[in-house]
Every structure is written in C-alpha cells, then in structure tokens.
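Everything below concerns the one structure shown next.
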Amino acid sequence: DMSKNNKKVVLITGGTGLVGKGIEDFISSDPIAQESESYVFLSSKDGDLRDKAQTYAVFEKHRPACVVHLAALVGGLFRNMAQKVEFYRENMLINDNVMEACKDFKVEKLVSCLSTCIFPDKTTYPIDETMIHNGPPHASNEGYAYAKRMVDVMSRCYKEEYGCNFTSIIPTNIYGPHDNFNIQDGHVIPGLVHKCYLAEQAGTDFTIWGSGKPLRQFIYSRDLAELIIWTMREYHSADPLILSVGEEDEVSIGTLAETVAKAMEFKGNVVFDTSKADGQYKKTASNLKLRSLRPDFRFTSIEEGVEKTCAWFKENYATARK
Ligand code: NDP
C-alpha cells in the first residue's frame, strides 16, 4: 500500500519506547526513509493493542505497508515472577491482534520483536537462532517467554498458510536514550546510570550488587534501530534473526560500571556488594547469522553508547522515565 504522497507507510507499534525512539533517531538521517517511507510511531494512547477492535481501527486509519511490532508488556524480574498470567495473556492478545491485522490488511512485511530471555534455561553457549524451542525458558519469566516464543511459531505458520512475509528479530540487552531508568524495575545499564547519578549527587559510594563478574552483550538502541529497518527492507525469511554484538564484545558488569562512572564523571568509589547474588554468569548469543548477512555493519562501542546515554539522562533528568 502507498500513502497519498507515494511513500510506504511504516507503522511502529510501541513506537514511544526505548527501541521506537532509536528508530525515530535513525530514520531522521536515513535517505531511504526520508525519500520513500512515511513512519507512524504508535503509543498505547493511539489504541490498546490488547483489544481487537482498537487494533483494527489503527490499521484502518494508517493502512501500513510495513509493520515493526515492538509493543509489549515488559517488566523486570519481580513483576515477571509475580504476574505470569498477565505477562502471558496481554502479550498473547497484543501479538495475536497485530499478526491477524497484518494478514487481513495485506501488510507486505511484519517484523516482530522477541528477546534473548525466551531462550531455553538449560543450554549450551553460544545460543543461536535454531535453539529457541529446545527446552523450557527460565521459570521466572515463563509467561512472557512463551507468549514471545509463539510469535516465532506463528510467523512461520502465517507464511505457510497465507503467504504472509512475517519474521522476527531477537535483540540482546538494549540500552540508550529514552530507556526506563527505574532502579528497581529497570534493566542493568539504565539502572547503573541512575544509581551513579544519585551517588554523585549525594557524594556517596557507587555500589553495584554482586561481584561484577557476569558477562553480557549490549546493543545500542540506534544500532538496533538501523538493523531492524534493514531487516524490514531486506531480510525475507520467517526464521528469526539475532541482532547482537559478537561474543568478543561481551562486557562484564564490573567493566560496565566503570564505564558508566567515567561517563558520569563520578569522583567517588565504585564498590561491589558481593553479599548480593550474581545472575547467570553468561548467556552468550551468537551473531554469526547477522555477520554473514551484514559483514559491513559497525556497532557503536560500549564507551560511546554509554557516553551518549549518560549525556541524555543528565539533560533530560526531569522528564526521563525513572
Ligand atoms: P518500552 O517499555 O520502552 O516500550 C513499550 C512500548 O509498548 C510503549 O510504546 C508502550 O506504549 C507500548 N505498549 C505497551 N502495552 C501496549 C498496549 N497494550 N497497546 C499498545 N501499545 C502498548 O519497550 P522497549 O522499547 O524496551 O522494547 C521494545 C520491544 O523490545 C519489546 O517487544 C520488548 O519485549 C523487546 N525487548 C526489549 C529489551 C530491552 O532490553 N529493553 C531486550 C529484548 C527485547 P506507551 O508508551 O503508551 O505505554
């Protein structure tokens, strides 16, 4: 479908979140997007995607050619453990409505967003795209994980039965401007940035829970955005694609904390509280499939990404989600 000005309408569900803001940033300087695509960034205020009628009204209004489906009920470990039923049901409803609407409105391409936390709990490393369903996910987030796993299954089923061009991407830990910087319920980088900010303000130690030894892969939101838009335009298989930095770019939580401290110009002590438990030591994902498709892609270094995220947080402290 083409809009009146002959540009392809690209609908971004969950367009007001961390990843949606990364896409907004990327397309603002991307020539193809500027010339031939027209982006619509949705928030829950534009329609509750748990509701079929509201979802169809959104599709009727915008008539998208392509859809990037980011909207999801997401939360930290505690909420995932306490509300498995809601994480399963709400995400199933959102995903079912979006996929069915994409079929009915003859959307040319749907890219849905999965997560590495849907992978099997007991596995060998590195994990790749073929291993998603090889065993149950970690029990703590099984509601969320099974709802996400079904998106992968249904992308293939819609393709097989209706010829739909649906696929999904699997990002590792994402960070960047516009993240949720809540220390209790947020993810590791925004949590560290906020904690460090408060320690600097109060003149106290910057205390990290655990030994700092666990390793993680982080992707800067704008890098992820660029790769998602590339997937939308160029990757036409239903099978999922891991979007991540490589194994060689895994960083320890300790190194990360030092990087945050440097970017925040924190003058005090960085302290590791080893009385607190470490999470899993590592959960390395393989990016070999991505590398084979995009050998040219250069990731933003963790130093530069953290620097930009810290600068954004300081500038937007009053209004940032925290
Ligand atoms: P955010 O929490 O920052 O944003 C979530 C978005 O979804 C918001 O735009 C929100 O709208 C929208 N949304 C939530 N519920 C509904 C609903 N019922 N109807 C319509 N819209 C809704 O998410 P992220 O940008 O961090 O995540 C995007 C995707 O990436 C998600 O699918 C997530 O599972 C996945 N992901 C994220 C990772 C991370 O590290 N952050 C890691 C791996 C995967 P509103 O603002 O109005 O509430």
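The numbers here are math on the coordinates, done by the rules we state, and not lab data. Keep in mind the model is a prediction, meaning the values are calculated, not measured. Glycine gets a Cβ as well: all are built from the backbone with ideal geometry, and neighbour counts include every protein chain shown.
A few remarks follow.
- Region 1-153: translational diffusion in µm²/s, Stokes-Einstein, Kirkwood Rh over Cα pairs, 20 °C, 1.002 mPa s: 130
- Amide H to amide H distances under 5 Å link Y125 with no residue, where only residues 5 or more positions off or on other chains count and H is placed in the peptide plane.
- Magnitude of the charge dipole for region 186-322, about its Cα centre and with charges confined to Cβ atoms of Lys, Arg (+1) and Asp, Glu (-1), is about 320 debye.
- Within region 254-310, GluC sites (Glu not before Pro) in DSSP loop having at most 16 other beta-carbon neighbours inside 10 Å: E265
- For the chain, the longest principal axis of the alpha carbon atoms and the long axis of helix 84-104 meet at an angle near 40°.
- Cα-centred dipole magnitude for the chain, charges only on beta-carbon of K, R (+1) and D, E (-1), debye, nearest 20: 420
- Taking only Cα atoms of region 150-200, radius of gyration then Dmax in Å: 18.2, 57
- Calculated FRET value between H236 and N134, using beta carbons and R₀ = 41 Å, to 0.05: 0.95
- All Cα pairs of region 99-255, percent lying beyond 20 Å: 59
- Where the alpha-carbon atoms of region 73-172 are placed on the principal axes, they occupy 38, 29, 20 Å, in descending order.
- Among the listed pairs K103/K282; K7/K314; K106/K283; K45/K322, a Cα-Cα separation exceeding 27 Å is found for K103/K282; K7/K314; K106/K283.
- DSSP assigns beta bridges within the chain; of those with both partners inside it, close to 10 percent run antiparallel.
- Sites listed here are chymotrypsin sites (Phe, Trp or Tyr not before Pro) in region 1-104 whose DSSP assignment is loop and whose Cβ has at most 14 other Cβ atoms within 10 Å, and the list is empty.
- Residue-wise HN-Hα coupling along region 259-269, computed from phi with Karplus coefficients 6.51, -1.76, 1.60 (Hz; x: Gly, Pro): 5, 5, 4, 5, 5, 8, 6, 7, 9, x, 8
- Residue-span extension gain [K61 to R89] - 0.36 nm each, minus C-alpha spacing: 7.5 nm
- Ordered by the count of other Cβ atoms within 10 Å of each Cβ, fewest first, M154, M264 give M154, M264.
- Placed amide H near L241: partners under 5 Å, 5+ positions off or other chain: S168, I169, I170
- Stokes-Einstein diffusion coefficient of the chain, Kirkwood radius over Cα pairs, 20 °C, 1.002 mPa s, in µm²/s: 105
- Going from the residue with the fewest nearby Cβ atoms within 10 Å to the one with the most, V153, V9 rank V153, V9.
- The charge dipole of region 45-93, taken about the Cα centre with unit charges on the Cβ atoms of Lys, Arg (+1) and Asp, Glu (-1), comes to about 60 debye, rounded to the nearest 20.
- For the chain, the longest principal axis of the Cα atoms and the long axis of helix 18-27 meet at an angle of about 70 degrees.
- Positive-end residue of Y125, C196, L49, charge dipole of the chain with Cβ unit charges: L49
- Using alpha carbons only, the radius of gyration of region 169-247 set against its Kirkwood radius gives Rg/Rh = 1.09.
- Computed with the Debye formula from one identical point scatterer per Cα of region 187-228, without solvent, the log10 of I(q)/I(0) at q = 0.26, 0.27, 0.34 Å⁻¹ comes to -0.94, -0.97, -1.14.
- Tilt relative to the chain, helix 188-202 - C-alpha long axis, 0 to 90 degrees, to 10: 40
- Normalised radius of gyration (Cα atoms, divided by 2.2 N^0.38 Å) for region 171-322: 1.10.
- The Cα-based radius of gyration and maximum Cα-Cα distance (Dmax) for region 1-71 are 12.1, 35 Å.
- Considering only N182, L227, S275, the residue lying farthest towards the positive end of the dipole of region 175-322 is N182, judged by Cα position with unit charges set on Cβ.
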